[in-house]
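Student: The structure's right below; bear with me while I get my questions together.
The values are calculated or read from the model by the stated rules, or taken from the named source; none is laboratory data. For clarity, every value in this text was computed on a predicted model and none was experimentally measured. Neighbour counts are summed over all protein chains in view; Cβ atoms, including those assigned to glycine, are modelled from backbone coordinates with ideal geometry.
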Amino acid sequence: MDPIKSRLYKAIGLIIFTFAFGSVGYYVVMGGQASFLDCVFMTVISLTTVGYGDVLNVMEYLPGKIFTMFLLIFGMGVILYGISSITAFFVEGELATLLRRRRMIKKIEKLSGHYILCGAGKTGFYIAEELIKNLYQILVIENEMENIERCQKLGEIHYLLGDASEETTLIEAGIRRAAGIVVTLPSDKDTLYVTLTARMINPSIRIVARAQDVKIAEKLKKAGANAVVSPNKIGGMRMASEMIRPSVVNFLDEMLRSPTAVTRIEEINIKPGNKFIGKTLRELNFRNAFHIHIMAIKKDGETSFEVHSDESIKEGTTLIVMGKVLDIQHARSEAEKRIHPPG
């Protein structure tokens, strides 16, 4: 349950319980001789300190005196706690936060084929930046509003303020309809749990997980991760590349980091029943039709870097292409259209 709702329900529940406890307590203490309504009335005037008089005549009855003292000492504390919690709910803006969350959940319910980002810290921020640049719909799950606000500066995003390791949060994020989930949580244990939970909820979703400890990478793959990234390993490879192939690294950096560059290397998957199936690259002529360059082709699990114009496209083919983001997006949308049912 949402923590804000939980605090509100807890405060209301404590107040109701205290009044119910007092009413039943007076009824039992008085031996059932007083009406239950009088017992409720006695509880209300005692806890609210109104004092309309001794309705149950407890002044002349020792058990009644003892119970009244107990109810006033402990009941008043509970009532004050409950009222202060409810007041804080309205005064401190928690009601507005709850309403914003409800509006966001309604928007999320309309999402499909989006990407969920669990954790928007130092690593997650750059993941969000790249996904937004490439025009993907993303949803950020983060327990720090500050990190969410940083991501909002990149562009329009959907978000949930909460714990990504909770199954209910993942379901609210629309994981059953999502295309992929990226897990970049600070704890490897939490990352492992989220990976396992995501795979159980959506067996077909693509999962990319970050592993702080290289030793946990194999466990993450067994838990359902399609790919595991180790920042330490990637950092080491990057430093080696800076030493032996600086021009290549500089080229990729310029392509990815330049605020003006919109060129990317992307992949396009040919979906079942698509119009591209059965045609050759010469017939499709991606260079003129979409202004993109095909760099490699992946078929039957094997990647070929020698691209021939008479290469035929079949279902499940993946094209590794380079071009402008909008052109790639156009080509991808065409590759995902079904002209006729598969098979």
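Student: Can you tell me which residues in the stretch 127-174 are more than 23 Å from Tyr193 (Cα to Cα) and either small (Gly, Ala, Ser) or part of a loop (DSSP other than H, G, I, E, B) (or both)?
Tutor: Within the stretch 127-174, Asn134, Leu135, Tyr136, Gln137, Lys153, Leu154, Gly155, Glu156, Ile157 qualify.
Student: Of everything in the stretch 106-132 that's out of contact with any strand residue (DSSP E or B) (no Cβ under 8 Å at 6 or more places or on another chain) and of a type in the set (Lys, Arg), which residue is nearest to Asp190 (Cα to Cα)?
Tutor: If we take residues in the stretch 106-132 being out of contact with any strand residue (DSSP E or B) (no Cβ under 8 Å at 6 or more places or on another chain) and of a type in the set (Lys, Arg), then Lys122 is nearest to Asp190 (Cα to Cα).
Student: Do we find that Glu283 is surrounded by 11 or more Cβ atoms within 10 Å (Cβ to Cβ), modelled with pLDDT of 90 or more and in a helix (DSSP H, G or I) in this structure? Walk me through it before giving the result.
Tutor: Details: surrounded by 11 or more Cβ atoms within 10 Å (Cβ to Cβ): yes; modelled with pLDDT of 90 or more: yes; in a helix (DSSP H, G or I): yes.
Considered against the rule, which asks whether it is surrounded by 11 or more Cβ atoms within 10 Å (Cβ to Cβ), modelled with pLDDT of 90 or more and in a helix (DSSP H, G or I), Glu283 comes out as yes.
Student: A follow-up question, please. Looking only at the stretch 122-162, how many residues end up being polar (S, T, N, Q) and farther than 17 Å from Ala178 by Cβ? Break it down into steps so the answer makes sense when it comes.
Tutor: Applying the first criterion (polar (S, T, N, Q)) to the stretch 122-162 yields 123, 134, 137, 143, 147, 152.
If we keep only those that are farther than 17 Å from Ala178 by Cβ too, we end up with 123, 143, 147, 152.
Looking only at that region, the number is 4.
Student: What are the pairs with Cβ atoms under 8 angstrom where one residue, in the stretch 38-58, is in a helix (DSSP H, G or I) and the other, located anywhere, is among the hydroxyl-bearing types (Ser, Thr, Tyr) and modelled with pLDDT under 80? Sequence gap at least six, or different chains.
Tutor: That search, which allows pairs on different chains as well, returns Ile45/Tyr52.
Student: Can you tell me which residues in the stretch 124-151 are among the aliphatic types (A, V, I, L, M), within 12 Å of the chain's Cα centre (by Cα) and buried (at least 20 other Cβ atoms within 10 Å of the Cβ)? Outline the logic, then answer.
Tutor: Narrowing the stretch 124-151 to residues among the aliphatic types (A, V, I, L, M): 127-128, 131-132, 135, 138-141, 145, 148.
Checking the rest, the ones that are also within 12 Å of the chain's Cα centre (by Cα) come to 138-141, 148.
Listed by number, the residues that qualify are Ile138, Leu139, Val140, Ile141.
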